[in-house]
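What follows is a short report on a single structure.
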Amino acid sequence: MIKMKKRKKKLGIDNRRSKIGNGLVIFLLLVLGAFMAFPLYYTFIQSIKPSEELFQFPPRLYVLRPTGEHYTELFQLMSNLWVPFSRYLFNTLFVSILGTLLHVIFAGMAAYPLAKHNFPGKDALFAVILLGLMFVGQVTFLPSFIIISKLKLLNTYWAYLLPSIGASLGLFLMKQFIEQLPDSLIEAARIDGANEWKIYFQIVFPNVKPATLTVFIFQFVNIWNGLSKELVYDEQLKVVKVALEQISASNAYARMGSGMAGSVLLMIPPIVVFILLQRHVVETMTFAGLKEG
Amino acid sequence: MQAKKMSIPNRIADYFKRYRTSWLMMAPFLIFFVIFTIFPVVLSIILSFTDYDMVQAPIFVGVENYLQVFLNDEYFIVALKNTLIFSIIIGPASYVICFLVAWLINELKPLPRALVTALFYIPTIVGAAGWSVWRLIFSSDQYGLINGFLMKFGLLNEPIGWLTDEAYIMPVLIIVQLWMSMGISFLTFIAGFQNVDKTLYEAGMMDGVKNRFQELWYITIPSMANQMIFGAVMQIVNCFAVGDVSATLAGLPSTGYAGETIVTHIMDYGNLRYEFGYACAMGVVLVVMMQYSKKFVTWLIGRMGH
């Protein structure tokens, strides 16, 4: 037995990999990692440099006298706005949370019949939904703008909220995940007399938590970053992102520090959400396969 | 016998009666999907044959917009060229990098793997707040990072306008776009690698797989082809939709239209000039291009490793 084990180890993956290969791998990862991390690091460093260090030649990659002055300045600017800052914050939270929840609930509900029911036209419908994977907001923003304006939704919360609720990606991921659930689970509930709604909410939904959380992240990030100033122009209805952009755009040079402080603050929510839920994302993407054709 | 004689409206009614629950469950999503995902594309196709400014009713003009796009708009050709450059350089480059990195970190322990995953994914999700720092890195004065260093080491006498000089706009945008396009396909690959059936590797060793590259080509790639196609589709969407980065960093329009992409060209004609019919025609061209790229890429991946 022991001999067998040893032989297996000898044949094992690690032994077939050369030292040079490993060194090269680590070097490549470090270079790429530095490229990915540097802009994030630099944003942070610039936000805590005192103004005289910001305009210093040559620019430094580190900070000598770190300061929170840009953050203080930013908070002062924000509290002096015509619209109270809490209003922007409320708008942002309201739109991102409601938009995300509606998308997650509706996509999940639609994914269940597509994954587990049989009805004529199902394949055709799914093909159209796959086609929709390509019709993202950046591509269809113009006709969407026309539609939103004709529906008289311009300059309302709905202009932010509604367009992304019916995005294909969430439905696709949910459907792929639900398909992996064993049919016996659903059959057993049917025999017990549960109707389809009950099956979905009590059996399917609790079992697809990773997919739900993944779609939650994608949608939250999508809404958080996608909120634009074209659709909503009433100051009362604007979101934090637009307000911060307006502050730093009004005097880009003098406010370089507070602009960077604003960037740091804006980056925190998506990063935190992703790190908290990362594990579920990887699990979900396992099923995110598309067949040829 | 009865069913065969039913009229069409009756048959439709019967169909929805029979599959009522399925359709009711899908209805809320489908309503939004049809109005805000499918209808915009349909509307684009319709309006692309008209002259429309959102104030007056659209006027039918036939294929005039399409003729104009290809024959009479020199900046559309620039936009098309730039969009193709993004797709041809960034698409494959970021796809291959994502794939290699996912492959390399697959054997790391969970914690370092999670850290690298976060590092590669975060630039995709931080959005405009993340790009703004590139304006400081490539700033046109001596306080910009790149100019500052090049000047300090005497490689440069005068600062370069990285984002305003026609010669440099595209290379800079390519770097920034590459930085932020690792996202979703990277996650997909990570998941794909973790899910390859481990017994296949042992079987492969028996069949004479010698090194890790053979293992990758003959075992890993074929068993995660579906994930690779999904990653490719996401990457295509990403590349063809480049526009916000260009408009934010290089301006709309950029100097001499050097950073123009199809999306910024649509912004230009839609948001600034109100020529919606013409802008919609460009949108249709973009969607058709994406669709054919997808067909090509899925065909290509289907043939790998065989």
Residue among B:283, B:277, B:259 that alone is assigned to a loop (DSSP other than H, G, I, E, B), surrounded by 21 or more Cβ atoms within 10 Å (Cβ to Cβ) and at pLDDT 90 or above: B:259
- request: From the list A:202, A:176, A:138, pick out the single residue that is at pLDDT below 90 and polar (S, T, N, Q).
  value: A:138
- request: Assess whether residue A:187 counts as being within 11 Å of chain B (Cβ to nearest Cβ), charged (D, E, K, R) and assigned to a helix (DSSP H, G or I).
  value: no
message: Tell me whether the range A:166-179 contains one or more residues that are under 30 Å from residue A:247 (Cβ atoms) and basic (Lys, Arg).
response: no
query: Among the residues of the range A:88-105, is any of a type in the set (A, V, I, L, M, F, W, C), more than 8 Å from chain B (Cβ to nearest Cβ), buried (at least 22 other Cβ atoms within 10 Å of the Cβ) and more than 15 Å from the chain's Cα centre (by Cα)?
result: no
- request: Please find, among A:231, A:244, A:290, the residue that is modelled with pLDDT under 85, surrounded by 20 or more Cβ atoms within 10 Å (Cβ to Cβ) and not assigned by TED's automatic domain parsing to the domain that holds residue A:165.
  value: A:290
- prompt: When the residues of the range A:121-140 are filtered to those that are within 18 Å of residue A:222 (Cα to Cα) and touching a residue at least 12 places away in the same chain (Cβ under 8 Å), which remaining residue is surrounded by the most Cβ atoms within 10 Å (Cβ to Cβ)?
  reply: A:135
- line: (1) surrounded by 14 or more Cβ atoms within 10 Å (Cβ to Cβ); (2) outside the structural domain of residue B:247 (by TED's automatic domain parsing); (3) in contact (Cβ under 8 Å) with a residue 40 or more places away in the chain all hold for residue B:36 apart from (3)
task: Would you check if there is a residue in the range B:262-282 being within 11 Å of another protein chain (Cβ to nearest Cβ), without any contact (Cβ under 8 Å) to a residue 12 or more places away in the chain and among the aliphatic types (A, V, I, L, M)?
output: no
query: Looking at B:220, B:248, B:264, which is the one that is within 16 Å of the chain's Cα centre (by Cα), on the phi < 0 side of the Ramachandran plot and not basic (Lys, Arg)?
result: B:264
- line: Considering only helices (runs of 4 or more DSSP H) wholly within the range B:142-218, the ones with at least 3 residues that are closer than 30 Å to residue A:169 by Cβ are B:166-179, B:183-194
- request: Identify, from the list B:126, B:42, B:96, the residue that is under 25 Å from the mean Cα position of the chain (by Cα), closer than 22 Å to residue A:137 by Cα, loosely packed, with under 15 Cβ neighbours inside 10 Å and among the hydrophobic types (A, V, I, L, M, F, W, C).
  value: B:42
Residue tally, condition part of a helix (DSSP H, G or I) and within 15 Å of residue B:264 (Cα to Cα), over the range B:64-84: 12
- request: Report yes if residue B:144 is surrounded by 18 or more Cβ atoms within 10 Å (Cβ to Cβ), at positive phi and in the same structural domain as residue B:244 (by TED's automatic domain parsing), otherwise no.
  value: no
field: Qualifying position, being of a type outside the set (S, T, N, Q) and either at pLDDT 85 or above or over 17 Å from the mean Cα position of the chain (by Cα) (or both), among A:282, A:264
entry: A:264
message: Can you tell me how many residues within the range B:196-224 are closer than 15 Å to residue B:104 by Cα and facing chain A (nearest Cβ under 9 Å)?
response: 3
statement: Over the range B:90-109, the set of residues assigned to a helix (DSSP H, G or I) and either free of Cβ contacts under 8 Å to residues at least 12 places away in the same chain or among the acidic types (Asp, Glu) (or both) is B:92, B:96, B:100, B:104
Identity of the residue in the range B:133-163, under 25 Å from the mean Cα position of the chain (by Cα) and touching a residue at least 12 places away in the same chain (Cβ under 8 Å), that ends up nearest to the other protein chains (Cβ to nearest Cβ): B:134
query: Hey, any hits in the range A:128-150 for a residue that's more than 10 Å from every other protein chain (Cβ to nearest Cβ), under 24 Å from the mean Cα position of the chain (by Cα) and not charged (D, E, K, R)?
result: no
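The values are calculated or read from the model by the stated rules, or taken from the named source; none is laboratory data. No experiment lies behind these values; they were computed from the predicted model shown. Positions of Cβ are backbone-derived with ideal geometry, glycine not excepted, and every protein chain shown enters the neighbour counts.
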